[in-house]
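Enquirer: One structure coming up, written as C-alpha cells, with questions to follow.
The values are calculated or read from the model by the stated rules, or taken from the named source; none is laboratory data. Computed from a predicted structure; not experimentally measured. All Cβ positions, even for glycine, are placed from backbone atoms using ideal geometry, and neighbour counts span all protein chains on display. Accessible surface areas use protein heavy atoms only, side chains included; no ligands, DNA or RNA. Shrake-Rupley method; radii C 1.70, N 1.55, O 1.52, S 1.80 Å.
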Amino acid sequence: MRLISLLLVLTLGLAACGTTGGYSGAKQYKISSGATNKIQFRVLDSINALRQASGAVPVEYNAQLNAAAATHARDMALQNRPWHFGSDGSSPLDRVARVGYAGELTGETISETYETEMETLAAWMEQSDTKSVLLDPNARDMGFAWFQEQNGKIWWTLVMGQPTFATTDIANFDG
C-alpha cells in the first residue's frame, strides 16, 4: 500500500511537468481563465486516486464548498498571508456555513506558492496534517479553488466535507 502511495505521489510530480500553464523551472506558471475545468478535474481525479490507494471512498465536487474555497483563496491574497482565518475573522466552519453547505467540514488545506496544482498536491501529501485532510475517510465532498496574483503567486484552497443525509424510517412510511 505504501508503494502504491509513493508511486502516485511520484506520478503527480511528473504530471506537474506537463500541466496547463507551462510551468517549467524558470518559466512562470500562469493559469489561463480557460484552464479552470481542466485543473479542477485533474485535482479531483488525482485526489480520488490517492484516496482509493488509501482505502477511502472517492469525493466529488460540491458547489458550496467550491464557493467557500474561492472566497478564502482571494481573501488570503488580500491579506497577503496563508492562514485559515478570513480578514473578517471567519474560520473555515464559518465560511462553509455562509455558503449554505448542509454538511460538516472535515478539513481545509491551503497554500501560497508559485507551484502548479500537481506540485501543490504532492507537497500536501508529504505533510501529515494536510495529507490527513485529503485522505479523511469521512469526506465525501470537496471544494477546490485558487486566486493568482499578477506576479504569478497562487493562493490555493481545498475544502473537504461530509454531507449530512436525511434518514427516513421506511417502516413508518404510509405511501
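Enquirer: Taking only pairs six or more apart or across chains, which ones have beta-carbon atoms under 6 Å, a first residue in the stretch 103-118 that is under 21 Å from Thr164 (Cα atoms) and in a strand (DSSP E or B), and a second residue that is open to solvent by 20 Å² or more (accessible area, probe 1.4 Å) and among the polar types (S, T, N, Q)?
Expert: Gly103/Gln162; Gly103/Thr164; Glu104/Gln162; Thr106/Asn138; Thr106/Gln162
Enquirer: Can you tell me how many residues in the stretch 145-168 are aromatic (Phe, Trp, Tyr) and under 18 Å from Val57 (Cα atoms)?
Expert: We begin by selecting, within the stretch 145-168, every residue aromatic (Phe, Trp, Tyr); these are 146-147, 155-156, 165.
Keeping just the survivors that are under 18 Å from Val57 (Cα atoms) gives 165.
Number satisfying all stated conditions: 1.
Enquirer: Tell me, yes or no, whether the stretch 17-30 has at least one residue that is modelled with pLDDT of 50 or more, within 18 Å of Trp124 (Cβ to Cβ) and either open to solvent by less than 40 Å² (accessible area, probe 1.4 Å) or of a type in the set (A, V, I, L, M, F, W, C) (or both). Show your work before the answer.
Expert: Our first condition is that a residue be modelled with pLDDT of 50 or more; within the stretch 17-30, this holds for 27-30.
Next, only the ones that are within 18 Å of Trp124 (Cβ to Cβ) stay: 29.
Now restrict to residues that are either open to solvent by less than 40 Å² (accessible area, probe 1.4 Å) or of a type in the set (A, V, I, L, M, F, W, C) (or both): 29.
Yes, that holds for at least one residue.
Enquirer: A follow-up question, please. Would you check which residues across the stretch 125-175 are open to solvent by 90 Å² or more (accessible area, probe 1.4 Å), at pLDDT 95 or above and among the aromatic types (Phe, Trp, Tyr) and list them?
Expert: Passing the criteria: none in range.
Enquirer: Does Arg51 satisfy the condition of being under 18 Å from Glu115 (Cα atoms), modelled with pLDDT of 95 or more and under 18 Å from the mean Cα position of the chain (by Cα)?
Expert: Numbers: under 18 Å from Glu115 (Cα atoms): no; modelled with pLDDT of 95 or more: yes; under 18 Å from the mean Cα position of the chain (by Cα): yes.
Considered against the rule, which asks whether it is under 18 Å from Glu115 (Cα atoms), modelled with pLDDT of 95 or more and under 18 Å from the mean Cα position of the chain (by Cα), Arg51 comes out as no.
Enquirer: Of all residues being open to solvent by 30 Å² or more (accessible area, probe 1.4 Å) and of a type in the set (A, V, I, L, M, F, W, C) in the stretch 56-91, which is farthest from the chain's Cα centre (by Cα)? Just the residue, please.
Expert: Quick first cut of the stretch 56-91, residues open to solvent by 30 Å² or more (accessible area, probe 1.4 Å) only: 57-58, 60-61, 63-64, 66-67, 70-71, 74, 78-85, 87-89.
Within this subset, residues satisfying the condition of being of a type in the set (A, V, I, L, M, F, W, C) are 57, 63, 67, 70, 78, 83, 85.
Values: Val57: 16, Ala63: 13, Ala67: 12, Ala70: 10, Leu78: 20, Trp83: 15, Phe85: 17 Å.
Only one residue tops the list, namely Leu78.
Enquirer: Can you work out which of the residues in the stretch 32-55 that are charged (D, E, K, R) and touching a residue at least 40 places away in the same chain (Cβ under 8 Å) is most open to solvent (accessible area, probe 1.4 Å)? Steps first, please.
Expert: Going through the stretch 32-55, the residues charged (D, E, K, R) turn out to be 38, 42, 45, 51.
Add one more test, that the residue is touching a residue at least 40 places away in the same chain (Cβ under 8 Å), and what stays is 42, 51.
Numbers: Arg42: 61, Arg51: 0 Å².
Going through the qualifying residues, I end up with Arg42.
Enquirer: Is there any pair with a first residue in the stretch 120-143 that is without any contact (Cβ under 8 Å) to a residue 12 or more places away in the chain and a second that is of a type in the set (Phe, Trp, Tyr) whose Cβ atoms are under 9 Å apart and which are 6 or more apart or on different chains, and what are they?
Expert: Lys131/Trp124
Enquirer: Looking at the stretch 73-84, is at least one residue in contact with a Ser or Thr (Cβ under 8 Å, 6 or more places away or on another chain) and in a loop (DSSP other than H, G, I, E, B)? Break it down stepwise before answering.
Expert: Taking the stretch 73-84 first, the residues in contact with a Ser or Thr (Cβ under 8 Å, 6 or more places away or on another chain) are 73, 75-76, 78-79, 82, 84.
The next check asks that each one be in a loop (DSSP other than H, G, I, E, B); those that pass are 82, 84.
Looking for residues that are in contact with a Ser or Thr (Cβ under 8 Å, 6 or more places away or on another chain) and in a loop (DSSP other than H, G, I, E, B), one finds at least one in the stretch 73-84, hence yes.
Enquirer: May I ask you to verify whether Glu115 is modelled with pLDDT of 95 or more, open to solvent by 40 Å² or more (accessible area, probe 1.4 Å) and of a type in the set (D, E, K, R)? Spell out how you get there, then give the answer.
Expert: On the way: modelled with pLDDT of 95 or more: no; open to solvent by 40 Å² or more (accessible area, probe 1.4 Å): yes; of a type in the set (D, E, K, R): yes.
When the stated conditions are applied, Glu115 does not pass them.
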